[in-house]
Amino acid sequence: MEALVQSTTRLQEELDASKSYLENSASGFKGKLSWTCSVEDDIDTGLIIPKKLIRTFVENAISGGLIQDKEGGSVEISSHNTSLGMLIMINDQGIYFKDISSTRQQKERRLRSLDKYLNLFNARHPYLIRYDIHDRSIHDADKSGSRILITIQY
């Protein structure tokens with residue numbers, strides 16, 4: 001676990017890695033996967049975060065939610081500052097994260113590992129990182145998929 005805590009990256013590098021993953025995945029989907037990534041100008045992209053913090057949720061959205069939908073879908077990553085800190089939001093248009101039964105155990109293991117990782121990371125940094133997973137259809141009946149909210153409180 002100690003090695004995980006030392007596995008950090010800058011926010012910009014994590015965003016670039018996530019975009020690269022999305023580009024490669026989009027070519028494999030043959031036009032059925034669209035994606036966007038928007039970062040407000042005042043975001044500190046040099047902030048140190050756990051490596052694969054964003055990409056883990058992007059990979060889960062594609063492998064678990066979108067790949068099971070023959071129509072494809074979209075992934076949106078956005079980041080902006082709030083009065084409480086930074087908010088990174090990942091929306092996908094697939095199957096709700098917790099309803100993906102075929103890979104549920106693997107995803108739950110990844111989340112337990114991420115939780116342990118974040119506890120150790122948070123203990124060593126002057127800011128707190130948390131995430132929440134929401135079913136998009138609860139807030140908007142016309143939407144399917146998951147909304148991941150990653151908050152970084154300074």
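The values are calculated or read from the model by the stated rules, or taken from the named source; none is laboratory data. Keep in mind that this is a model prediction, so the values were computed, not measured. Cβ sites come from the backbone with ideal geometry, for glycine too, and all protein chains shown count toward neighbours. Keep in mind that these areas ignore ligands, DNA and RNA; they rest on the heavy atoms of the full protein, side chains included. Shrake-Rupley method; radii C 1.70, N 1.55, O 1.52, S 1.80 Å.
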### Query
Name the pairs: first residue in the stretch 69-93 and assigned to a loop (DSSP other than H, G, I, E, B), second residue of a type in the set (Ser, Thr, Tyr), Cβ to Cβ under 8 Å, at least 6 apart or on different chains?
Gly72/Ser34; Leu84/Thr151; Gln93/Ser74; Gln93/Ser144
### Query
Between residues in the stretch 108-130 that are within 20 Å of Met89 (Cα to Cα) and residues that are hydroxyl-bearing (Ser, Thr, Tyr) and not in a helix (DSSP H, G or I), which pairs lie under 6 Å by C-beta distance while being six or more apart or on different chains?
Tyr127/Tyr154; Arg130/Thr151
### Task
List every residue pair whose Cβ atoms lie under 7 Å apart, where the two residues are 6 or more positions apart in sequence or sit on different chains, the first residue falls within the stretch 8-28 and is touching a residue at least 60 places away in the same chain (Cβ under 8 Å), and the second residue, located anywhere, is in a helix (DSSP H, G or I) and among the aliphatic types (A, V, I, L, M).
Leu15/Ile54
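For every residue, the table says whether it meets (1) surrounded by fewer than 10 Cβ atoms within 10 Å (Cβ to Cβ); (2) of a type outside the set (Val, Ile, Thr); (3) at pLDDT 75 or above.
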{"site": "Thr103", "(1), (2), (3)": "no, no, no"}
{"site": "Arg112", "(1), (2), (3)": "no, yes, yes"}
{"site": "Asp115", "(1), (2), (3)": "no, yes, yes"}
{"site": "His125", "(1), (2), (3)": "no, yes, yes"}
{"site": "Ser137", "(1), (2), (3)": "no, yes, no"}
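On the basis of being at pLDDT 85 or above, within 16 Å of the chain's Cα centre (by Cα), open to solvent by 10 Å² or more (accessible area, probe 1.4 Å) and among the β-branched types (Val, Ile, Thr), does Ile133 make the cut?
Values: at pLDDT 85 or above: yes; within 16 Å of the chain's Cα centre (by Cα): yes; open to solvent by 10 Å² or more (accessible area, probe 1.4 Å): yes; among the β-branched types (Val, Ile, Thr): yes.
Here the answer is yes, as Ile133 does meet what is asked.
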### Query
Which one of the conditions (1) modelled with pLDDT under 90; (2) over 17 Å from the mean Cα position of the chain (by Cα); (3) assigned to a helix (DSSP H, G or I) does Asn119 fail to meet, given that it meets all the rest?
(1)
### Task
Determine the pairs where a residue that is among the polar types (S, T, N, Q), located within the stretch 41-57, has a partner that is modelled with pLDDT under 95 and open to solvent by 10 Å² or more (accessible area, probe 1.4 Å) with Cβ atoms under 8 Å apart, the partner being 6 or more residues away or on another chain.
Thr56/Arg110; Thr56/Leu114
### Task
For the stretch 5-55, enumerate the residues that are part of a loop (DSSP other than H, G, I, E, B), modelled with pLDDT under 95 and surrounded by 14 or more Cβ atoms within 10 Å (Cβ to Cβ).
Phe29, Lys32, Lys51, Lys52
